[in-house]
Amino acid sequence: MPHTDSSTSSSTDDTIDMRLRQEEDIARLIDLGSTGREADSRADLLDHIVEWRPTNTPLGTFQLVPVRIGRDLRLIAQWMNDPSVAAFWELDGPDETTASHLGDQLDGDGRSVPCLGVLDGTPMSYWEVYRADLDPLARYYPARPHDTGIHLLIGRVGDRGRGLGTALLRAAADLVLEHRPSCTRVVAEPDLRNTPSVAAFLGAGFRFSAEVELPDKRAALMLRDRALRPVL
């Protein structure tokens, strides 16, 4: 039997273990196949969002990754407790508040899927992609079959107010239109008081359609039409 230097073997094993751990960490972050108590086969109402591919943006590679509570709760709850976020989302408080909000979607029928927005491998935003035509929102505007809505929260304070939201909203809307061929419009309903959010949607190619009085806010109904996508 050939002699093996134990120190060399140990070093090699450590390197292999480290590489495997790094690969496992990446797989846990961008895990589109096994999501546990998260977006599963029920998400076919949104054309299998768990399989949507990343897209290139001027800011880097962007991907919507369905939320996994065990992995993502602490980060999302931290964002929700930012006062500027809490003013509109109203989900500040203990982690259980955010967990309940996420769980209502994850335990539902798949009409709304909470996602992390991952930019160049870093989770930096929270998204909800939902069937607007199946949502209570449809009672307040002339919905069309397969209208798809999006909500956005930019997590890191340093990422706000410099055009990043506009670029990501455009990317997310393009992902919806690319992967949902039955969808003719992407819908949003930001709070009218949230002028930076309304401006970001306008910059991303959405058009202002109407003011809508919803149960919890007065909203700006924003639409991005598939037919106008080539010229936006």
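The values are calculated or read from the model by the stated rules, or taken from the named source; none is laboratory data. Not measured: the values here are computed from a predicted model. All Cβ positions, even for glycine, are placed from backbone atoms using ideal geometry, and neighbour counts span all protein chains on display.
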Here is a list: Ile26, Ile69, Ile16. Which entry is β-branched (Val, Ile, Thr) and at pLDDT 95 or above? Ile69
Does the stretch 30-41 contain at least one residue that is surrounded by fewer than 18 Cβ atoms within 10 Å (Cβ to Cβ), among the polar types (S, T, N, Q) and modelled with pLDDT of 95 or more? no
Within the stretch 58-70, work out how many residues are surrounded by fewer than 17 Cβ atoms within 10 Å (Cβ to Cβ) and touching a strand residue (DSSP E or B) at 6+ places or on another chain (Cβ under 9 Å). 3
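Return yes or no: is Ala86 surrounded by 13 or more Cβ atoms within 10 Å (Cβ to Cβ), among the small types (Gly, Ala, Ser) and over 16 Å from Leu73 (Cβ atoms)? Give the derivation first.
Working: surrounded by 13 or more Cβ atoms within 10 Å (Cβ to Cβ): yes; among the small types (Gly, Ala, Ser): yes; over 16 Å from Leu73 (Cβ atoms): yes.
So Ala86 passes the test.
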